[in-house]
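Structure, as structure tokens:
Coordinate-derived values only; no laboratory data. Because the structure is a prediction, the values reported are computed rather than measured. Here the Cβ positions follow ideal geometry from the backbone for every residue, glycine too, while neighbour counts run over all protein chains shown.
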Amino acid sequence: MSRVRIAVLVSGGGSNLQSLLDQIHQRDGDIVLVVSDRKDAYGLERAKKYGIPAIHLEREGYHERLQHLLEGAGIDLVVLAGYLKKVDPALVALFKNRMLNIHPSLIPAFCGEGFYGIHVHERALEYGVKISGATVHFVDEEMDTGPIVAQEPVGVVTEDTPKTLQQRVLKVEHRLLVESVRNFCQGRLQVCGRKVRLDKGGNDESTDQRIG
């Protein structure tokens, strides 16, 4: 059986992309395309080191060109790995339950418009939370509202700064995203409404939609 063809969208350094390159690429799936909305995104350089097409798209006609690239490459799964641009609804519909995003909080906390990067951790500490974490979810038409695939908590300590909390959450992001992409590639994710279940094997006569 052929491996899942993966496209990764990035806006910055691409450390989550690097985790996928190290642990998923040419194993559970093949990363065949990396696209960025920012010309200086280091994630593009990471992809080039592996001989993977790495493309920066200009603002004009962005959504149409991105869809053309993904369809032309025969993409099975799109992964948003530190990607800050809102995805066009037409593309979300095209890749329904086939587009994953990683977010540095326990959704539905500290998510949505304006919650990205270090800003998430600044707001979490300002609010005084005792637990933060990371979430992988399927992308829907709104921002950070799609069905949750996986979550993992990260404790907050008194001495935390936004930067130290970000660093600890990022380590969890790397692991959680790899696990979620692997489960997708192995066809183990099942979606039923807002719930995503992990198929651990055996017969399941539910009405869930198995994907991957």
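Some notes on this structure:
- Listed residues 134, 183, 62: farthest to the positive end of the dipole of the chain (Cβ charges): 183
- Part-to-part distance (alpha-carbon centres) for the range 12-50 and the range 105-153, which is given in Å: 22 Å
- Cross-link reach is defined here as a Cα-Cα straight distance under 27 Å, omitting same-chain residues fewer than 8 places apart; for residue 39 the lysines meeting it are 48, 49, 85, 86, 163, 171.
- Dipole magnitude (debye, nearest 20) for the range 4-211, charges at Cβ of Lys, Arg, Asp, Glu: 420 debye
- Listed peptides 186-197, 170-181 by packing density, highest first (mean Cβ within 10 Å): 170-181, 186-197
- Estimated FRET transfer efficiency (residue 164, residue 60; beta-carbon r; R0 41 Å; 0.05): 0.55
- Kirkwood hydrodynamic radius of the range 1-157, Cα pairs, Å: 16.1 Å
- For residue 3 and residue 127, a Förster radius of 35 Å and the Cβ-Cβ distance give a FRET efficiency of 0.25, rounded to the nearest 0.05.
- Sparse-neighbourhood loop sites, GluC sites (Glu not before Pro) in the range 1-91 - DSSP loop, at most 10 other Cβ within 10 angstrom: 58, 60
- Distance (nanometres) between label positions extended 7 Å along Cα→Cβ at residue 69 and residue 142: 2.9 nm
- Among beta bridges that DSSP assigns inside the chain, antiparallel share in %, nearest 5: 50 percent
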